Each structure stands twice: as C-alpha cells, then as structure tokens.
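Please read the structure below before turning to the comments.
What follows is calculated from the coordinates using simple rules that are stated; it is not laboratory data. Keep in mind the model is a prediction, meaning the values are calculated, not measured. A quick note on method: Cβ atoms are made from the backbone with ideal geometry, for glycine too, and the neighbour counts reach across all protein chains shown.
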Amino acid sequence: MEIGLDIGPAGLALTTEMMLVLGLVGFTMVMFMVEKLRPDVTALIVLVALGLLGLVPADQLFDGFAGNAVISVIATMILGAGLDRTGALNRLAVWLLRVSRGMEERLILLTSAIAGGVSSVMQNPSAAALFLPVASRLSARTGIALSRLLLPIGVAIVMGGSLTMVGNSPLIMLNDLLLSANRNLPPGVATLQPFTMFAPIPIGLALLLLGLLFFRLVGRKWLVGEDKNVTPARTESYFAQAYGIEGDVFELTVTSESPLVGMSVGEAEAQKGAPLFLAIKSGNESRLAPPADTMIWVGSVLGVMGTREQINDYAQNNLLRVSPRLRHFGDLFNPSRAGISEAVVPPTSRYIGKTQAELQLRKRFGLSLLAINRDGQVWREDIRHMPIKAGDMLVFHSIWQDLAAAAESRDFVVVTDYPKEEQRPHKLWHALLVFAVALGLALSAELPVPVALMTGAVGMLVLGVLNMDEAYSAINWKTVFLMASLIPLGWAMDATGTAAWVSQQVLTRLGGDWPIWVLEAAVGLLTTLFALVITHVGATVVMVPMAINFAIAVGGNPTVFALIVALSASNNFLSASNPVLSVIAGPAGYRPRDLLRVGLPLTLLYLAVVLLVVNLMF
C-alpha cells in the first residue's frame, strides 16, 4: 500500500504530521486503558481523524477493510463456524475421554495439544470459543474443575497460533505491514519479503511445546481447583447426577425370533422392565422420539436408554442383539444435535391435566418424555398416563431444533441451556474436506493465502455446511473493524516518518553498543507491554513500523524485528486484554492474581523462546 505523502522516514526532525500521529497513538492508548469507549469505536475515531487531518489520503483511508489481513480473518472465522456446526469438537470430547481414561494430567496434555494445533489455522478467540464447550463437557463428565482445564487450553491456543501466518491477528497483519513499509524504505535497503504460510512453524512448535511442558512439569500446581485423577464418568452417571435418570444409550437389533416383531413402540415400552425407547431405525430411515404407534420389524434397530444390566436382561429376554457401540445413531445422539433438557410447566400451559399419551409429544413434536420431577420427587415409570400439573419439571430427550420449535407454544419453558441453531453432524466430512482443501491451497505457492482461505469459506456455503446468514453471524465484526480501522495508523506512522523518528530517539538513549539480541529483546518486551494496554492488534500496528526503522538504524534484519513484534504482541498471559483469556476467564472464575501467578513466568519464557528460535532461524 503506497501512502502518497512527501515526508519519508529519512526526515528525522519532528514535524507537525509526526506530532499529530503521536497524538493519535497516545489517544488510542489512553482510551484503551480507561475503557470509556469500546476499542472498535476508538479505532473508528482514529480512522476518521487520520482522514480529516490528511495523514492518510482519503482514497486509501478505508483500504484496510479490503486488505489481505481482514479477508483472512473473515475466512478463518467462517471455516471455524463450519467445523463447529458439524459437531466435530463434541466428537473430539468423546475421544479425549476415552483416550485419557480420566487421568487429569493426560487429559490436560491431550486437549491442550489438540487445541494448539487447531488454533494454527483458526483465529485464536474462535478456537477458544469452540473449545470452551469441549472443556465444559469434559469437566462435567470427569469431575475435574473447569478452572484446571481452561488455562492450559487457553495457553496452548495462544502458543499454537504462532504455527502459521493465519493463527492470530498480529501474524495475519504482519505481511500487509511489511508490504506497506517497502514503500518508504531508505535508499539502499533491501525490499522486505512477506512470510509464507508456514514460515513461523519452528517458532510455533517450540512455543507450543513450552506451554505443554510448563503445565506438565510445574504449572499444574498453580492452577485453581483441586488436583485429582478420576475415572471418566459414563453417560449414565451424568444423567443420574443431573436428572435422576440412570442409564446410557444402547443399540438393540431386532432378530427374526424376537417377540417384539410386529409390536408397536408403545406396546414394547409397556413391557415390564422395558428401557426408555429414544430412537428407531427401520430400513434406511432413522428418527429420534418414535411415536407410540411406530411398528417394530425384523432388522429394526432400537435406540434405548437404561443401565447396562437392565439392557442386557431386556435383550436376552426378547432375543435382541446388543451393539457394543453406537453404529447407527452416532449422529442422532451427537450432543451438538440432541440431548436431555428440563422444562417447567407454567400455570397457563395447555398441557395441564393432560397425559403424555393424549399430548402425543413424540409424534407431534419429536420429544421423548423421560421423567417428571414433581415437588422434588422424580417419576420415571408409568409417566405415559400421568396427568401433568402446573410446576412440573419435564425431562425431555430430543433434537434441539425440535425442542426449540415446541417451546414456541409457551406450554413449557425450557430451563436448560441448549444449542438453538441447527446442527449438521451429517456434514462433518464435507466440512473436513473443505478445510483440508483450503489448507492445501494455502500451503501451495499458487494462490495467495486470503484467496485460499476464502475458497474454503465458499466451499462451506456451497456444500451446505453453513448458509449465508450463518456465515455472516460467524464473523466477529468487532475484530474486523478494530483491525481495519487501526491498520491505517500503522501506515501513517511509517509514511510520515514518525516510526523512524521514535526509533532514532530510542537508539539515542540506549546507545549503539548493545548486541543485536538485546535490542531484539527490548523491542519484544516493549511490544508485550503495549499489548497489555492497547491489545495485540494495536501493539502490532504501532510497533512494526518502529521495529523496522529501529532495525535499519542498528544494522539488524528488519524482517526479523518485525516478526518478533508480531509474535510478542500475543505474549499476554497476564490480563483479559488477551482475547483468548477474555473468553475463558469468566467461565473458569479466574481472578487477576490467578492469571498473574501463572502468566508472569510464562510471559518471560515465551519471550526467551521467541528470541532463541528466531535467531537460530535467521
């Protein structure tokens, strides 16, 4: 991006334009600290001021909104939403429970490593938001405190974001800032080359390994909550604790000798010792909450819930085959698509005085009534013919969409938090294929990274993983406006010579006799401090032009200094100004001293690893 101003970085006398830019930088820092306005509003004010003061030409002022960095951010958000909509991470939670076998140390290590890998190709806040429900599910199923899981996961997400050039906002912005700096380099300085997609992978691997080893060796003792190993809870214990319902979900296949052949679901349920019937597959059609008049035939697969002993007895008595795992109903029972909920019957409900048989909840709404909680007593047997009263707590099993549709009548009020949006687990492989293709294109040198990532976003839309409205909803417009509005501030710092003037002042006070690595450390530390105050985006915009000019003045590599700035901008484990920590701090109940205890040593170790690996690479 060429900024058409006459003042270049060689002009080191403090000019009016420089003072105006420094004033806007100071304004940005103060407003971000006092939080009188939202950061994106402050960024918009700065953007408009740059135009009004003539510091950036009007025809280039809004180019940041169409910049490669912003397009890449939008595309990664859409790709992440596509994976989330298919329930991929809920399947991951089940796998983690099985592999870790309830050992806290192993569970933290595996979950953190996978979260770090995912964050390499997804915006860090998006990755944190996606792993939050995974951690919550793991905590509920194992009894491990959520506060012991979330901080290691959050740290791994920040570290893993350095594996690629699209993992976090500072690295996404870096190439654009380097290209902008090329327009104002002094004569004789080589053109700065942008980084390829996986250029920082050695640094990212070292940082991710640092995060994993930190919590493996020393960090766990500083985590909030009790340190314990537990046996992973099966679904039946989760249901029993939350709803007073004992049981897990099993698949039963009806044989030709079974007495159930020719029975209806209602008749089968009425048998003594029968489990709860939640699903049925006849031919190629599977459905949850089968109506009572649904017929059972040879080869039908029943999705039932009960204790293992009860299910085995029932299967033996009725000549049914028990499947060792969910072969047919895995997608139907995916927690992102279906599950158990509680709903209260209000005094105005039309359900009052009617029975489940009369209401036909399964046939009309797709709701299986598992239990009725009345005055603290849970009823699970013979509830089909039990009249409903005002104040009853109804325990349903259903597809979330069906529950939301039924709740619109206001005959019951759902008190369980559940996904309101349509989930598409059947699109999982479509989403994974699109994601892999997008990464493959980004890895090749044939297409620019933004084009490759946006190709993946379009693929999610074309294959029906997301619709257009869902794609719009997936974009965090606050992040987009913050980045697009502050990028011109970086251009102004470079084009007006402000960055060169500040670098000269710093060099004059430091002296030129320091080793290059010490000066790199000073730039990295200063960027870290800026990020605590003006966010990682603001710190990158302000510091990259300064670091480039500083490197030129001291005989260092400008690209290396700029890379250190982009990496150091994410080096914030001390406060919720880090967007990842802001996502996890509330649910985990972290206090400032909790973050300080773990974050201070991590911040110093992070900077040391960055300096070591960057200097080994360059």
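Structural remarks
- Estimated dipole of segment 251-327 in Debye, rounded to 20 [Cβ of Lys and Arg +1, of Asp and Glu -1, Cα centre]: 280 debye
- Relative contact order for segment 474-583: 30 percent, from Cα pairs under 8 Å spaced at least 6 residues apart, divided by residue count.
- Model label zone, Thr16; criterion: amide N under 16 Å from point 7 Å along Cα-to-beta-carbon; scope segment 49-93: 50-56
- Only helical runs count toward this figure. For the chain, summing -39,500 (n - 2.57) over DSSP H runs of n ≥ 4 and dividing by all residues gives -18000 deg cm²/dmol at 222 nm.
- Sorted by Cβ neighbour density within 10 Å, fewest at the top, the residues Asp84, Asp40, Asp494, Asp469: Asp469, Asp40, Asp84, Asp494
- Contact order normalised by residue count of segment 234-424, Cα under 8 Å, 6+ apart, percent: 22 percent
- Full-extension gain in nm, Arg183 to Trp477, via 0.36 nm per residue minus C-alpha separation: 102.9 nm
- Each residue of segment 383-400 was assigned a 3J(HN,Hα) from its phi angle through the Karplus expression (A = 6.51, B = -1.76, C = 1.60, θ = phi - 60°), giving 7, 4, 10, 9, x, 8, 10, 4, x, 5, 9, 8, 9, 10, 10, 6, 6, 4 Hz with x at Gly and Pro.
- FRET efficiency for the pair Asn284 and Leu463, taken as 1/(1 + (r/R0)^6) with r the Cβ-Cβ distance and R0 = 25 Å, rounds to 0.70.
- Electrostatic tally near Ala113: other residues with Cβ closer than 11 Å to its Cβ, Lys and Arg +1, Asp and Glu -1, net +2.
- Length added when fully stretched, Val344-Lys272, from 0.36 nm per residue minus Cα-Cα: 23.0 nm
- Viscosity 1.567 mPa s, temperature 4 °C, Stokes-Einstein D of segment 234-424 from Kirkwood C-alpha radius, µm²/s: 77 µm²/s
- Degrees between helix 428-443 axis and first principal axis of the chain (Cα, 0 to 90, nearest 10): 20 degrees
- Signed unit charges on C-beta, dipole axis of segment 479-618, positive-most listed residue Met543, Pro515, Leu602: Leu602
- Option label - semi-axes √(5λ) of the Cα gyration tensor in Å computed here, alternatives (1) 53, 33, 27; (2) 40, 30, 25; (3) 56, 24, 22: (3)
- Length gained when the stretch Ala390-Gln504 is fully extended (0.36 nm per residue, less Cα-Cα span): 33.5 nm
- Theoretical FRET efficiency, 1/(1+(r/R0)^6), r = Cβ-Cβ of Ile352 and Glu408, R0 25 Å, to 0.05: 0.85
- Charge context of Val301, other residues only, Cβ under 10 angstrom, K/R +1, D/E -1: +2
- Taking amide hydrogens as placed 1.01 Å from N in the peptide plane, the amide H of Ala371 sits under 5 Å from those of Val395, each at least 5 positions away in sequence or on another chain.
- Separation between Cα centres of segment 473-539 and segment 347-414, rounded to whole Å: 59 Å
- Inter-part distance, segment 543-589 to segment 188-217, computed on C-alpha centroids, equals 13 Å.
- Long-range amide H partners of Ile280 with built H, under 5 Å: Arg287, Gly303
- Rounded to the nearest 20 debye, dipole of the chain from Cβ charges on Lys, Arg, Asp, Glu: 1200 debye
- Total formal charge among the other residues, if their Cβ is under 15 angstrom from that of Phe573, Lys/Arg +1 and Asp/Glu -1: +2
- Packing-based exposure ordering (other Cβ within 10 Å, fewest first) of Thr540, Thr253, Thr28: Thr253, Thr28, Thr540
- Over the chain, relative contact order from alpha-carbon pairs under 8 Å, at least 6 apart, %: 21 percent
- Of the residues Ser112, Thr455, Val56, the one whose Cα sits farthest towards the positive end of the charge dipole of the chain is Ser112 (charges of +1 on Lys and Arg Cβ, -1 on Asp and Glu Cβ, taken about the Cα centre).
- Rounded to the nearest 0.05, the FRET efficiency derived from the C-beta distance between Arg321 and Leu209 at R0 = 41 Å is 0.30.
- Only Lys, Arg (+1) and Asp, Glu (-1) charged, at Cβ; segment 357-465 dipole about Cα centre in debye: 200 debye
- With Cα atoms, 0 to 90° folded angle of helix 39-52 axis to the chain main axis: 40 degrees
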